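**Student:** Have a look at this one before I ask anything.
Nothing in this text is a laboratory measurement; each read-out follows from the coordinates by a stated rule. Here the structure is a predicted model, which is why all the values come from computation and not from measurement. No Cβ is skipped: glycine too gets one built from the backbone with ideal geometry, and neighbour counts run over all protein chains shown.
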Amino acid sequence: MRWMPFRKHAVRIAMGLGVLLVFLLDAVHPLGIGFVRQLESLSYDLRLNLTMPGTVDPRIVIVDIDEKSLAEEGRWPWSRVKLAKMLDNLFDRYHVAVLGFDVVYAERDESSGLNVLERLARQDLKGDERYRQALARLRPELDYDALFARKLKGRPVVLGYYFTNEANVSGALPPPVFPAGTFGAMGIPFHTMSGYGANLPELQKNAANAGYFSFDPDADGVARRVNLVAEYQGAYYEALSLAVVRTLLDNPPLIAGFPVESQGEGGYSLIEWLGVGNLKIPVDDRLAALIPYRGKQGSFTYVSAADVLKNRVKPELLENAIILVGTTAPGLMDLRATPVSSVYPGVEVHANLIAGMLDGNIKHRPAYVLAIELLTLLAAGLLLALALPFVSPLRATLVALLVLAAVVGANLAMWQHANMVLALASPVLMIGLIFVLNMSYGFFVEARAKRQITGLFGQYVPPELVDEMSKDPERFTMEGESREMTVLFSDVRGFTSISEGLKPKELSQLMNEYMTPMTRIIHKHRGTIDKYIGDAIMAFWGAPLADPDHALHAVLAAMEMQSVLAELRPQFVAKGWPEIRIGVGVNTGIMSVGNMGSQFRMAYTVMGDAVNLGSRLEGITKQYGVGIIVGENARRKVPGVVFRELDRVRVKGKDEPVAIFEPLGLEGQMDKAVLDELELFGQALGCYRSQDWDGAETRLQALLKLSPDSHLYPLYQERVAYFRANPPGENWDGVFVFQTK
């Protein structure tokens, strides 16, 4: 009597420890669970949005090349004469502290016509020395690049440029902040670039400094960090925000901060921070800094570039301010996705970084946070795994909530007061999983037992078939035999979640109202109900009464089941029930049919490989995002129905591949748009199987425009992307292998 409770607790403890082990392994990255990484990014964004100050920083002003400026001054790029005037106004009239350009001037300004006049002089078309002398006097005024360069000289102006992964170069780079060879063979994983687009040499020569404004988003396309130092041909260059801060502080040297003062010979080191004067800027292992967003767009003062050119700005807005020249005009393509907004000006990203550097509030993840995260997981996981199995549900809930509150509270405290970013999604998800496993263990065991009992109920033969059989009962026998038949499996998707969300009485009512019309449809099409397995239905055609059209009747029944269920969903929602969606698998083949079982319970049922394949086809409907999958044997025996070939697969437990199809409707009743889409997918499938990845990708993109909600087309896009990187070889047969049931 004492052994049974202990064994039950042992199972729950083992489940909890198993969950803990998975999260510990994922924390040190052997597993790399993508879902957890996504949740971590979302939790970072949530914390950021909840704790942003939401105030406007007056120290930094953005001179915006906005739609108003383009309307007044003309399309971009503007003449360097206008830019020279902007510099004069900003420094001589408004007395700004430092000016940074979030734009690059890589091409010469020939709008003055100087190149034409010089060509005429070279060709000696005038034949007049006075013309050459006049041109020499005018040249300083007409050489707009030289004019702009003169305006740059002696002023705290930081030019912008960009790095690229393509091996193309233009313009002149500034001097590196760390010369080539500074870090030797220390193994620091710098962000390495292959090319750049920089400013004209004469502009770069006269500018106080320059920094690159290019940065890459995270894997999900959201800009959360900027590499402050990048490597190019062994030398190291600074980002625009860092260059502006250094220029503001009279260009102190950049210092690389290591976790220890001295390194062993040949040792491996990580830079934890960058020093600029008295400022310490935390960075990650690739020298990227998390962007300390202050709030939504507009956290810094914006003034129109046209207003600066025409002196329409109040002097007190710009005096002693840090100025960034950038653009919010959509046509100039400097809008980014960020944690605070899906459309955010890139120039304001740099402004946030500059403000964060000056305030010392940039969040960071030093290397030792991994130890903190592992200890957090270990402490919370062990406590829950060892405590929850031995307490009541109410106390288990209280314990889990207390542990959750402690973990979240400590995490937010480190975020807010130490500017440290610790993993939050991992411990929260682990706590939730251990709690749910413990609380639902009994339910899952009982639900499994209920499905087993349900499978023992006898078959239900349609009344019309019983009538036919009764006319000649000698023809029919319960003895086992082999014959070609068709089997159908249907299953409710997400039934466990549905059952958890309903009271027992409501669940019973829902299943009755679902099962009754489904059974009626199967009977209508001359099918025999083999069994109900919880929420699943198994039926077959061709026995006990022979049916030469068994495949057609099964496919028509499957299509009508989906159609009727679509009509039932609004009724279920009106009653407060969840929507029900099902997957249906249909297969035809040789099966053994007869009265089978034991001396305690017999049932008229079917068995065989064809039956197993029918079950597998139902199981993979969700993989392709379709409601029905029909095997190729059934497809060949069903006239008058339009099918779409989905794939050629090798399911678990089967060596031979099989083509699978989705029935779309009856011939003569299909819309032309559907038929056109069907033809286009057939072309995409042909390209895929012939390893024409470009052709397949082009057609799949077109198909996604026609059906953006399709699950099938992104599935093939993922396969195409995988096979591009991992070619399957010349002998590839185009078959996809399923490793699970």
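**Student:** FRET efficiency for Asn595 and Asp671, Cβ-Cβ distance as r, R0 = 51 Å, nearest 0.05?
**Tutor:** FRET efficiency, Asn595 to Asp671: 0.65.
**Student:** Looking at the square roots a ≥ b ≥ c of the eigenvalues of the Cα gyration tensor of the range 172-235, which shape do they give, rounded for a/c under 1.5, prolate if a/b is larger than b/c, or oblate?
**Tutor:** Oblate is the answer for the range 172-235, as a/c is 1.5 or above yet b/c matches or exceeds a/b.
**Student:** Restricting to DSSP loop positions (anything but H, G, I, E, B) with no more than 12 other Cβ atoms inside 10 Å of their own Cβ, which chymotrypsin sites (Phe, Trp or Tyr not before Pro) remain in the range 351-450?
**Tutor:** Answer in residue order: Tyr368.
**Student:** Holding the Cα-Cα limit at 19 Å, pick out from Lys153/Lys280; Lys503/Lys575; Lys205/Lys280; Lys531/Lys637 the pairs that are longer than that.
**Tutor:** Lys153/Lys280; Lys205/Lys280; Lys531/Lys637
**Student:** If you take every DSSP beta bridge whose two residues both sit in the chain, what share of them, in percent to the nearest 5, is antiparallel?
**Tutor:** 65 percent
**Student:** Same structure again: For the range 671-741, what does the alpha-carbon gyration tensor say about shape, rounded, prolate or oblate, given a ≥ b ≥ c as the root eigenvalues, a/c under 1.5 as rounded, and a/b over b/c as prolate?
**Tutor:** prolate
**Student:** Let me ask another. Run through the range 544-612 and list the chymotrypsin sites (Phe, Trp or Tyr not before Pro) located in a DSSP loop whose Cβ has at most 11 other Cβ atoms within 10 Å.
**Tutor:** Those that pass, being in a loop and sparsely packed, are Phe600.
**Student:** Also, quick follow-up: Roughly what would the spin-label model give for Gln509 and Leu398, points 7 Å off Cα along C-beta, in nm?
**Tutor:** Those two pseudo-labels are separated by 3.5 nm.
**Student:** How large is the convex hull of the C-alpha atoms of the range 336-398 per residue, in Å³?
**Tutor:** In the range 336-398, the Cα hull volume divided by residue count equals 157 Å³.
**Student:** Quick one: what are the phi-derived ³J(HN,Hα) couplings along the range 415-421, Karplus 6.51/-1.76/1.60 with θ = phi - 60°, whole Hz, x for glycine and proline?
**Tutor:** Per-residue couplings from phi come out as 5, 7, 9, 10, 6, 10, 9 Hz.
**Student:** By its C-alpha gyration tensor, with a ≥ b ≥ c as the square roots of the eigenvalues, how is the range 9-64 shaped: rounded for a/c under 1.5, else prolate for a/b larger than b/c, else oblate?
**Tutor:** Prolate, because a/c is 1.5 or more and a/b exceeds b/c.
**Student:** Still on this structure, please answer the following. For the range 592-727, what log10 I(q)/I(0) values come out of the Debye formula at q = 0.10, 0.15, 0.16 1/Å, with one point per alpha carbon and no solvent?
**Tutor:** Here log10 of I(q) over I(0) equals -0.42, -0.82, -0.91.
**Student:** What is the set of long-range amide H partners of Val584 at a cut-off below 5 Å, with H atoms built 1.01 Å from backbone N?
**Tutor:** Ile628, Ile629
**Student:** Which value, in Å to one decimal place, does the Kirkwood hydrodynamic radius take for the range 59-359 when every pair of different Cα atoms is included?
**Tutor:** Computed over Cα pairs of the range 59-359, the Kirkwood hydrodynamic radius comes out at 20.6 Å.
**Student:** Once each part is reduced to its C-alpha centroid, what is the distance from the range 186-252 to the range 330-378 in angstrom?
**Tutor:** If you average the Cα positions of each part, the centres end up 16 Å apart.
**Student:** Continuing with the same structure: From a point 7 Å beyond the Cα of Asp694 in the direction of its Cβ, which residues of the range 710-736 have a backbone N at a distance under 20 Å?
**Tutor:** 717-730
**Student:** Tell me, what ³J(HN,Hα) does each residue in the range 189-204 have, in order and in whole Hz, if you take phi through Karplus 6.51 cos²θ - 1.76 cosθ + 1.60 with θ = phi - 60° and put x for Gly and Pro?
**Tutor:** Those phi angles translate into x, 4, 6, 9, 10, 10, x, 7, x, 10, 7, 4, x, 5, 6, 4 Hz.
**Student:** Multiplying the sequence separation of Thr164 and Gln416 by 0.36 nm and subtracting their Cα-Cα distance, what value in nm do you get?
**Tutor:** Contour length minus the Cα-Cα distance gives 87.2 nm.
**Student:** Still on this model: Using helices alone, I'd like the mean residue ellipticity at 222 nm for the chain: each DSSP H run of four-plus residues gives -39500 (n - 2.57), total over residue count, nearest 500.
**Tutor:** -14500 deg cm²/dmol
**Student:** Nearest 0.05, what FRET efficiency do Asn49 and Glu632 give at R0 = 51 Å with Cβ-Cβ as r?
**Tutor:** Working from the Cβ atoms, E equals 0.45.
**Student:** How much length would be gained if the chain were fully extended between Phe183 and Ser341, taking 0.36 nm per residue of separation minus their Cα-Cα distance, in nm to one decimal?
**Tutor:** Result: 53.1 nm gained on full extension.
**Student:** May I ask you to derive the relative contact order of the chain, considering only C-alpha pairs under 8 Å and at least 6 residues apart, and to give it as an integer percent?
**Tutor:** 12 percent
**Student:** Using Cβ contacts closer than 10 Å as the measure, can you line up Glu40, Glu500 from fewest to most?
**Tutor:** Glu500, Glu40
**Student:** What is the pair-distance distribution P(r) of the range 461-666, computed from all Cα-Cα distances in 5 Å bins starting at 0, with each bin given as a whole percent?
**Tutor:** Whole-percent P(r) values from 0 Å outward: 1, 7, 15, 19, 19, 16, 11, 7, 3, 0, 0.
**Student:** Then there is this: What's the extension gain from Glu110 to Glu484 if we count 0.36 nm per residue and subtract their Cα-Cα distance?
**Tutor:** 126.4 nm
**Student:** Something else now. List the aspartates and glutamates whose Cα sits under 13 Å from the Cα of Lys622, skipping any in the same chain fewer than 8 residues away.
**Tutor:** The qualifying aspartates and glutamates are Asp491, Glu662.
**Student:** Now for a separate question. If the convex hull of the alpha-carbon atoms of the chain is projected onto planes in all directions, what is the mean projected area in square nanometres?
**Tutor:** Averaged projected area of the chain's Cα convex hull equals 47.3 nm².
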